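A quick write-up on the structure given underneath.
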Amino acid sequence: MASTDASPAAGAPPAVEQVKQAAKEQQIDPYNVSGGVDENGNVTAIDYEALRERFNTPALTQEHLDRFERVTGKPPHRLMRRKLFFSHRDFDKILDYYEKYGFFLLYTGRGPSSGSMHLGHAVPFLFTKELQDIFDVPLVVMLTDDEKFLYTRNKNQGKITKGAALGDFIEYAKQNCKDIIALGFDLKKTFIYTDYEYMGGHFYQNITEFEALLTNNQIRGAMGFDGSTNIGLNAYAAKQCVAAFASSYPTLFGAGDFRAPNYDEARPRKHIAAIPTLIPCAIDQEPYFRLLRENCDRMEFPAPKTALILSKFLTALQGSGGKMSASDPNSAIFMSDTPKQIEKKINRFAFSGGGITKEDHEKYGGNPDVDVSYAYLSYFLESDDELNEIEQSYRKGTLSTGELKKRCIKELQKFVEAFQERRSKVTDEIMREFMTPRKLEFKEAVTEKKP
Ligand code: ATP
């Protein structure tokens with residue numbers, strides 16, 4: 001690489017001041033996920049405790065897990081047991097409400113940035129599916145084709161680029177919808193929609209109401225936007241926020257026009273706006289939902305503060321300073337990858353916490369805390385005993401990096417192959433069924449629990 005006038009002379013150590021300036025804090029928001037940079041210019045692992053403190057989100061504790069088990073009669077999912085879902089807002093209140101009324105609304109989403117989802121995108125959906133199965137509750141999935149279009153145009157300074165025409169995002173959303181269906185969601189209880197297709201009616205009424213509550217300054221502060229950001233992206237947060245309101249989807253609850261003077265309030269809950277929502281997502285989405293929670297009770301029909309359950313990021317292949325991301329294909333294992341591609345990516349790119357030489361590894365052991373293959377196993381391997389055994393033997397150095405990678409490859413290939421088998425059966429007709437607004441079937445409608 002050619003050096004510039006500002007670089008230190010070749011071989012000379014950079015001045016302390018210059019090195020210090022290189023140190024950077026981690027940056028996590030819906031549009032950026034990167035670990036910090038230390039004084040030596042090395043990218044550091046994402047510090048989740050520091051992030052929790054900055055966002056002021058409480059930790060998910062053993063007490064929450066015990067309560068979850070008491071309320072549902074089911075053990076918590078491995079992602080919760082291993083604290084990969086590690087933080088929350090008002091998770092306790094959702095459990096309280098569920099104990100009383102037997103239901104709530106689940107909401108999660110995906111920004112269709114690519115035709116195939118990657119393993120990181122699967123994380124919130126795997127967890128959401130488990131919650132839907134256990135609680136037997138309705139779920140809405142928002143595919144933000146409009147937002148990905150606006151974001152990409154913004155990034156490209158308004159230029160139309162290959163693979164980023166508006167129609168491309170509509171197509172990615174359909175492909176992603178099929179991916180999500182193949183993760184096993186229950187048609188009776190699930191509505192999946194794209195923004196371009198569904199927005200209108202009550203949803204749009206809620207959007208404009210919410211838009212009226214947010215200022216440009218708030219959006220800039222939360223998302224890191226500035227005056228050059230396109231106006232569509234500035235306004236987008238209102239859409240992602242009101243998607244959490246049950247009143248955006250009266251059809252799903254068999255409720256009529258909730259703004260009409262003669263609106264029947266008897267079912268499914270006193271007023272549709274009062275149904276609470278739980279959002280499972282990674283912590284980069286928290287800035288959106290902080291804005292949401294701050295404004296729930298400012299709506300004409302106030303909603304309870306939306307509850308969140310927040311995960312860490314499935315790390316990039318290169319290590320724990322970044323997340324697996326579709327915009328950097330080298331960082332990700334896609335759900336469309338072949339077994340050979342998975343093997344190649346793990347063997348070539350997965351950052352290893354093993355010793356530099358075989359002898360070193362056997363003498364000093366490896367470090368699973370920074371090892372990407374181990375991190376992936378902690379998300380996808382079900383057996384706690386086996387995971388524990390792998391961790392211990394890697395630390396001791398009796399399990400080699402090669403063996404650990406081999407175990408990881410096997411597990412990921414198993415997951416992706418089973419997914420692809422189910423995905424091949426998701427036809428356009430099945431996709432349409434999931435995307436049709438209709439009354440969903442869930443427990444509350446049967447038991448007629450009254451508030
Ligand atoms: P990409 O850059 O890969 O497109 P994104 O953050 O734009 O990623 P979205 O589709 O907007 O992806 O995110 C959908 C959901 O998946 C959100 O809940 C987000 O927090 C979560 N998510 C995205 N990447 C990861 C990851 N690597 N690990 C865990 N969750 C992730």
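With respect to ILE180, determine if the residue is more than 10 Å from the ligand (Cβ to nearest atom), in contact with a strand residue (DSSP E or B) (Cβ under 8 Å, 6 or more places away or on another chain) and open to solvent by 40 Å² or more (accessible area, probe 1.4 Å). Show your work before the answer.
Details: more than 10 Å from the ligand (Cβ to nearest atom): yes; in contact with a strand residue (DSSP E or B) (Cβ under 8 Å, 6 or more places away or on another chain): yes; open to solvent by 40 Å² or more (accessible area, probe 1.4 Å): no.
Against the criterion (more than 10 Å from the ligand (Cβ to nearest atom), in contact with a strand residue (DSSP E or B) (Cβ under 8 Å, 6 or more places away or on another chain) and open to solvent by 40 Å² or more (accessible area, probe 1.4 Å)), ILE180 does not qualify.
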Scan (1) crowded, with 22+ Cβ neighbours inside 10 Å; (2) among the hydrophobic types (A, V, I, L, M, F, W, C); (3) within 24 Å of GLU286 (Cβ to Cβ) for the single condition MET223 breaks and write down its number. (1)
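Can you spot a residue in segment 313-326 that is open to solvent by 60 Å² or more (accessible area, probe 1.4 Å), among the basic types (Lys, Arg) and in contact with a strand residue (DSSP E or B) (Cβ under 8 Å, 6 or more places away or on another chain)? Don't jump to the end; show me each part of the working.
Narrowing segment 313-326 to residues open to solvent by 60 Å² or more (accessible area, probe 1.4 Å): 318, 323.
Applying the additional criterion that residues be among the basic types (Lys, Arg) yields 323.
Those still in the list that are in contact with a strand residue (DSSP E or B) (Cβ under 8 Å, 6 or more places away or on another chain) too: 323.
Yes: segment 313-326 contains one or more residues that are open to solvent by 60 Å² or more (accessible area, probe 1.4 Å), among the basic types (Lys, Arg) and in contact with a strand residue (DSSP E or B) (Cβ under 8 Å, 6 or more places away or on another chain).
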Need the failing condition index for PHE169 against (1) open to solvent by 10 Å² or more (accessible area, probe 1.4 Å); (2) assigned to a helix (DSSP H, G or I), just the number. (1)
It is to be established whether one or more residues within segment 79-92 are crowded, with 17+ Cβ neighbours inside 10 Å and more than 16 Å from the chain's Cα centre (by Cα). yes
Positions within segment 393-422 being open to solvent by 50 Å² or more (accessible area, probe 1.4 Å), within 17 Å of ILE180 (Cα to Cα) and touching a residue at least 12 places away in the same chain (Cβ under 8 Å), in sequence order: GLU417, GLN420, ARG422
(1) open to solvent by 90 Å² or more (accessible area, probe 1.4 Å); (2) charged (D, E, K, R); (3) touching a Ser or Thr at 6+ places or on another chain (Cβ under 7 Å) all hold for ASP371 apart from (1)
Mind checking whether some residue in segment 240-258 is open to solvent by less than 30 Å² (accessible area, probe 1.4 Å), without any contact (Cβ under 8 Å) to a residue 40 or more places away in the chain, more than 19 Å from THR144 (Cβ to Cβ) and in contact with a Ser or Thr (Cβ under 7 Å, 6 or more places away or on another chain)? no
Which numbered condition trips up TYR374, out of (1) away from the ligand (no atom under 11 Å from the Cβ); (2) assigned to a strand (DSSP E or B)? (2)
Odd one out for ALA6, checked against (1) at pLDDT below 85; (2) touching a His at 6+ places or on another chain (Cβ under 6 Å): (2)
Can you pull out every residue in segment 351-367 that is touching a residue at least 24 places away in the same chain (Cβ under 8 Å) and under 30 Å from ALA332 (Cβ atoms)? PHE351, SER352, GLY353, GLY354, GLY355, LYS358, HIS361, GLY365, GLY366, ASN367
Selected residue [away from the ligand (no atom under 14 Å from the Cβ), touching a residue at least 12 places away in the same chain (Cβ under 8 Å), open to solvent by 30 Å² or more (accessible area, probe 1.4 Å) and in contact with a Ser or Thr (Cβ under 7 Å, 6 or more places away or on another chain)] from ASP47, ASP38: ASP38
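Can you tell me which residue in segment 102-116 is farthest from the chain's Cα centre (by Cα), limited to those that are open to solvent by less than 10 Å² (accessible area, probe 1.4 Å) and more than 8 Å from the ligand (Cβ to nearest atom)?
Of all residues in segment 102-116, those open to solvent by less than 10 Å² (accessible area, probe 1.4 Å) come to 102-108, 112.
Restricting the remaining residues to those that are more than 8 Å from the ligand (Cβ to nearest atom) gives 102-107.
Details: GLY102: 25, PHE103: 22, PHE104: 20, LEU105: 17, LEU106: 13, TYR107: 11 Å.
Out of the qualifying residues, it is GLY102.
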Do we find a residue being buried (at least 23 other Cβ atoms within 10 Å of the Cβ), polar (S, T, N, Q), under 30 Å from ILE231 (Cα atoms) and within 14 Å of the ligand (Cβ to nearest atom) anywhere in segment 123-141? no
Given the conditions (1) part of a helix (DSSP H, G or I); (2) surrounded by fewer than 15 Cβ atoms within 10 Å (Cβ to Cβ); (3) of a type in the set (Asp, Glu), which single one is not true for GLU382? (1)
Out of all the residues in segment 50-78, which are of a type in the set (Gly, Ala, Ser) and either assigned to a helix (DSSP H, G or I) or open to solvent by less than 40 Å² (accessible area, probe 1.4 Å) (or both)? ALA50, ALA59
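Does GLY366 count as at pLDDT 95 or above, away from the ligand (no atom under 16 Å from the Cβ), in a helix (DSSP H, G or I) and among the small types (Gly, Ala, Ser)?
Numbers: at pLDDT 95 or above: yes; away from the ligand (no atom under 16 Å from the Cβ): yes; in a helix (DSSP H, G or I): no; among the small types (Gly, Ala, Ser): yes.
Against the criterion (at pLDDT 95 or above, away from the ligand (no atom under 16 Å from the Cβ), in a helix (DSSP H, G or I) and among the small types (Gly, Ala, Ser)), GLY366 does not qualify.
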Take the residues of segment 311-370 that are closer than 26 Å to GLU417 by Cα and among the acidic types (Asp, Glu): which is farthest from the chain's Cα centre (by Cα)? GLU343
Contact list please: Cβ distance under 8 Å, first residue in segment 200-222 and in contact (Cβ under 8 Å) with a residue 60 or more places away in the chain, second residue open to solvent by 30 Å² or more (accessible area, probe 1.4 Å) and not basic (Lys, Arg), pairs at least six apart or on different chains. GLU209/GLU300
For the subset of segment 328-361 comprising residues that are loosely packed, with under 13 Cβ neighbours inside 10 Å and not β-branched (Val, Ile, Thr), which member is farthest from SER393 (Cα to Cα)? PRO329
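The values are calculated or read from the model by the stated rules, or taken from the named source; none is laboratory data. These figures come from a predicted structure and were not determined experimentally. Note that each Cβ is placed from the backbone with ideal geometry, even for glycine, and that neighbours are counted across all protein chains shown. The accessibility values were calculated without ligands, DNA or RNA, using every heavy atom of the protein model including side chains. Shrake-Rupley method; radii C 1.70, N 1.55, O 1.52, S 1.80 Å.
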